[in-house]
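Written below as structure tokens is the structure these notes are about.
Computed from the coordinates by the stated procedures, all read-outs in this text should not be read as laboratory data. Everything quoted here is computed from the prediction, not taken from an experiment. Every residue, glycine as well, gets a Cβ built from its backbone with ideal geometry; the counts of neighbours run over all protein chains shown.
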Amino acid sequence: MRNHPYLGIGLGLGQDERNAGGVGGGGSPAPILRPRALRLEQRLAQYASHSDSALLDVGGCDWTWTGMAQLFTNNLGEYPLLGKYPNGYLLDYNGGALAAYYGSSSNERIAATDPGAWTLNTWYFFRLQYELATTTLSLRVNEGVASTRVLPDLSGNAFPFAIGSYGGVVGAYWDGLVDSVSFWKRLLTSDEAATLRQGQAYAVFPDALKVSLVAHYELDDDLTDPVSGLDLTAHGLSPLTYVAGRV
């Protein structure tokens, strides 16, 4: 019996065992999946980026980012998780909670409160989305109560995209693991988010979940994107490594 990484209760199946079941009809064999995650160390200035990621712009549409992450430390200031910097969108752990910024001002910020502070070395699922019709930015962690704020839509934010950095600003890096990061140009339903939170690998995404999916980084063994081809480039004082992950 293994403990569920979020609820702390036994599920009876580990991640490898859950992914081993068949998919599709007619007894189709399951794809071979390796639950791995990208390890980023702040002391080594490690992050991954794409220099010209216009496909990841967010102006004039609904959009959603999801993924899983954990922190090794929380006493070194800010920990940028992902985003386009400057004058774009950013997920950043600081002030004892995961926060989202949208725009060029530090006042354009919301922080997750349910939960707020993270337990170190523990997986958390995040969902950041923007609803154009109401110009509302919302952030959920582990599908708790959403933190929301009405903020103007952004346009012309074709800045570098990065996972684990503010686009290379010295001293500001993630320190922990990142896994299965995805970007849609639509809003996700709560059921879709629940599926992702349970550890749904891209190889077994249902067709409905692939609708308007723009980019996906499985981060099992490399920085490739099978959806759009926006493969990331590694940065840091030593090569990036991959360890046992959630998906």
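Structure summary
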read-out	value
Residue, farthest from PRO226 (Cα to Cα), within segment 188-212, restricted to residues that are hydroxyl-bearing (Ser, Thr, Tyr) and not in a loop (DSSP other than H, G, I, E, B)	SER190
Complete set of residues in segment 144-165 that are part of a strand (DSSP E or B) and more than 14 Å from the chain's Cα centre (by Cα)	SER147, THR148, ARG149, VAL150
Selection count where residues are part of a loop (DSSP other than H, G, I, E, B) and touching a Leu at 6+ places or on another chain (Cβ under 9 Å), scope segment 132-141	1
Some residue of segment 217-232 being out of contact with any Asp or Glu (no Cβ under 9 Å at 6 or more places or on another chain), touching a residue at least 12 places away in the same chain (Cβ under 8 Å) and assigned to a strand (DSSP E or B)	no
Flag for GLU143 being of a type in the set (Asp, Glu) and more than 22 Å from TYR217 (Cβ to Cβ)	no
Filter result (crowded, with 20+ Cβ neighbours inside 10 Å, under 22 Å from TRP118 (Cα atoms) and β-branched (Val, Ile, Thr)) within segment 57-83	THR64, THR66
Qualifying residue in segment 166-187 (condition: of a type in the set (Phe, Trp, Tyr), in a loop (DSSP other than H, G, I, E, B) and under 16 Å from the mean Cα position of the chain (by Cα))	yes
The listed residue being more than 21 Å from TYR173 (Cα to Cα) and surrounded by fewer than 13 Cβ atoms within 10 Å (Cβ to Cβ), out of ASP221, ASP207	ASP207
For ALA54: the one exception among (1) surrounded by 18 or more Cβ atoms within 10 Å (Cβ to Cβ); (2) farther than 18 Å from LEU196 by Cβ	(1)
Among the residues listed as ALA99, ALA54, the single one being in contact (Cβ under 8 Å) with a residue 24 or more places away in the chain, among the hydrophobic types (A, V, I, L, M, F, W, C) and either touching a Cys at 6+ places or on another chain (Cβ under 8 Å) or within 26 Å of GLY229 (Cα to Cα) (or both)	ALA54
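Conditions (1) hydrophobic (A, V, I, L, M, F, W, C); (2) in contact (Cβ under 8 Å) with a residue 60 or more places away in the chain, marked per residue:
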| position | (1), (2) |
| --- | --- |
| LEU139 | yes, no |
| PRO152 | no, no |
| SER155 | no, yes |
| ILE163 | yes, yes |
| GLY176 | no, yes |
| SER180 | no, yes |
| PHE183 | yes, yes |
| THR189 | no, no |
| LEU213 | yes, no |
